[in-house]
């Protein structure tokens with residue numbers, strides 16, 4: 001940490017580099033904690049409330065979800081800081097911003113996905129009692145729960161990714177972008193049942209046509225509303241611009257007037 005300040009350099013470049021990389025690390029850590037919080041809330045809901053209805057995930061289903069999650073976190077950590085030092089600082093109100101973002105996104109995703117999708121799937125289920133500790137077997141509620149879990153997972157990473165003015169944007173972080181596109185394509189394929197063998201391998205039962213269309217529409221609406229909520233909070237809790245930056249702009253403007 002002391003090397004930029006003890007380096008024998010004719011400019012302040014070493015100091016700006018350590019500040020730029022430090023802000024990038026802070027922002028990356030913050031977004032990882034947010035994503036982990038949302039994933040933990042969604043998983044806890046599945047393992048507690050949905051477990052009472054006998055809903056479980058198959059081994060292959062859980063493995064695929066884990067691979068996507070690990071890939072997302074890996075590619076997020078590889079995001080590079082921007083070469084220029086921004087005058088904007090990271091969010092000063094971390095606790096209020098993070099808690100509001102977590103509660104808002106979890107409430108929206110639960111309302112749009114879990115309650116709507118699972119309740120809709122239960123209408124097509126026969127009247128039978130599934131014991132919570134019974135063995136796993138494919139059913140419509142399990143299939144919808146897995147698809148909803150995948151939908152929330154992709155939306156959480158896409159919405160909470162923090163790019164400019166500190167890190168690369170999603171389009172600039174190519175590995176993360178390709179992983180997101182692969183997850184969206186995977187969700188679209190299994191929901192629309194384009195490859196029936198893939199659904200059979202994942203132990204996903206066929207969806208009724210009406211429910212299939214609703215899942216795709218709800219997925220888009222959930223992502224859109226969560227994205228708008230996150231952007232609203234970032235606007236309400238902006239990063240502060242230091243006062244010396246404003247004084248610097250005024251000094252430059254006065255200097256240009258004198259030259260004219």
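The values are calculated or read from the model by the stated rules, or taken from the named source; none is laboratory data. All values reported here derive from a predicted model rather than from experimental measurement. Using ideal geometry, Cβ is built from the backbone for each residue, glycine included, and neighbour counts are taken over all protein chains shown.
Inspect all residues belonging to the stretch 143-162 and state whether any of them is surrounded by fewer than 15 Cβ atoms within 10 Å (Cβ to Cβ), part of a loop (DSSP other than H, G, I, E, B) and modelled with pLDDT of 75 or more. Looking for residues that are surrounded by fewer than 15 Cβ atoms within 10 Å (Cβ to Cβ), part of a loop (DSSP other than H, G, I, E, B) and modelled with pLDDT of 75 or more, one finds none in the stretch 143-162, hence no.
Taking the numbered list (1) in a helix (DSSP H, G or I); (2) within 18 Å of residue 60 (Cα to Cα); (3) touching a residue at least 12 places away in the same chain (Cβ under 8 Å) in turn, residue 229 passes all entries but (2). Taking helices (runs of 4 or more DSSP H) as the structural unit, those lying wholly within the stretch 37-127 and holding at least 2 residues that are under 24 Å from residue 179 (Cα atoms), at pLDDT 80 or above and over 14 Å from the mean Cα position of the chain (by Cα) correspond to 59-77.
Can you confirm whether the stretch 233-247 contains a residue that is within 22 Å of residue 39 (Cβ to Cβ) and at pLDDT 80 or above? Yes, there is a match, as at least one residue in the stretch 233-247 is within 22 Å of residue 39 (Cβ to Cβ) and at pLDDT 80 or above. Residues in the stretch 180-211 that are in contact with a helix residue (DSSP H, G or I) (Cβ under 9 Å, 6 or more places away or on another chain), closer than 20 Å to residue 136 by Cβ and in a helix (DSSP H, G or I): 190, 198, 199, 201.
Counting only residues that are closer than 16 Å to residue 149 by Cα and in contact (Cβ under 8 Å) with a residue 60 or more places away in the chain, the stretch 217-226 holds 6 of them.
The residue of the stretch 168-185 that is nearest to residue 217 (Cα to Cα), among those that are in contact (Cβ under 8 Å) with a residue 24 or more places away in the chain and surrounded by 16 or more Cβ atoms within 10 Å (Cβ to Cβ), is 184. Can you tell me which residue in the stretch 189-216 is surrounded by the most Cβ atoms within 10 Å (Cβ to Cβ), limited to those that are under 15 Å from residue 121 (Cα atoms) and without any contact (Cβ under 8 Å) to a residue 12 or more places away in the chain? Among those residues, the one meeting the criterion is 213.
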